[in-house]
1. Grab the Cα-Cα distance for Q180 and Q278, subtract it from 0.36 nm times how many residues apart they are, and report the gain in nm with one decimal.
2. Each residue of region 195-204 in order: what ³J(HN,Hα) in whole Hz does its phi give by Karplus 6.51 cos²θ - 1.76 cosθ + 1.60, θ = phi - 60°, with x for Gly and Pro?
3. Can you order the peptides 161-167, 189-195 by their average number of other Cβ atoms within 10 Å per residue, highest first?
4. At each listed q (0.12, 0.13, 0.16, 0.19 Å⁻¹), what is the log10 of I(q)/I(0) that the Debye formula gives for region 144-302 modelled as equal alpha-carbon point scatterers?
5. List the relative contact order of region 82-175 as a percent without decimals, with contacts defined as Cα pairs under 8 Å and 6+ residues apart.
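Every number here is computed from the coordinates shown, using simple stated rules; none is lab data. All values reported here derive from a predicted model rather than from experimental measurement. Cβ: placed from backbone, ideal geometry, glycine included. Neighbour counts: every protein chain shown.
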Amino acid sequence: MPRKPARHHRLLPVRPLTFSPFARSVARVATAYLVKHYMHNAVQQSAGDEFKEKLKIIGRHSESSEDEEFDGVVQADFAFFDPKPDDFHGVKTLLQSYLDNKQWDLSGFVDLILGQTTVGTVVKLEDDEDNGVFSIITALNLGRYKDHKCITELKEFLPNICHEKDKIGNLRSLLGDEAQKVGLLVSQCVVNLPPELLPPLYDALFDEISWATEDEPTEELRNSFRFKFYLVVSKFYKKNANQKRSSSTDKDEAFVYIKPEDEILHKLSMWSFLFPLQTQQVATHELKNYQLTGIVMAVKAEDISSFRQQLHALINGS
């Protein structure tokens, strides 16, 4: 049964979701840079002047003085939709650096995401003529799509960046023998998307996965959504190992998560590993002691219920 878009009309505060004054400062600076970077790419690839203006609405307060706290609100009518071919350029822009700077079949990857309409959501502004995509979330079965070039390249990429001997065997297992039980959890959004959208967005995804195990037309398709594990590829800021704390009261965070849900997934993961990124990082005073770092996480499907609860608590309590 096709689902209807879940609309969210509210005055949404636009501020980075973090847990200390330092982290808020870092996130605010990173937000200003990344919104500008996204605007540049989006305008070049798929958007016109009107879409650029909409992005400015979301990003403009992040460019204010670093010493100022933004306490205002921005009216934004976001809506959830099933992926469709018209979303190609917007989704591709969001995933441009998904595998760092690797040259791979990103277009094919986006086609897989958009072709799986029963599981997956795009977030857009309601009644937006420019069709701008502000977020994408989905889960792709690594076994079901194993013969696609983009998945083959992803399976080659991940072992090559894993330099932890105690993790490589686990990774190869999920990419190989266990692949039919593994969902590649793909989630990317425009920086400063209101965090209030995260719980319903993830709820929609995991509800759809559950429904798909019952409603898909064939047993093979139903089984392809009976995940036992989720694999997540993401990035965050990690404090440089050679950076000494100036005092016992130094409260700089060891990690600054770009996406708040990644902290929960990281804590719940049965294993994870970090890898260096070649993509350009934000060069600012606040981030001088930090390195933009890739992270791969493996999470048991049985822990997703806890993830959803913790995400609701995190957002509603922030």
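1. On the way: separation 98, 0.36 × 98 = 35.28 nm, distance 3.07 nm.
Gain in length upon complete extension: 32.2 nm.
2. x, 4, 7, 4, x, x, 5, 6, 4, 4
3. Ranking the peptides 161-167, 189-195 by packing returns 189-195, 161-167.
4. The calculated log intensity ratios at q = 0.12, 0.13, 0.16, 0.19 Å⁻¹ are -0.64, -0.74, -1.06, -1.36.
5. Working: 93 pairs, mean separation 26.2, N = 94.
Relative contact order for region 82-175 comes out at 28 percent.
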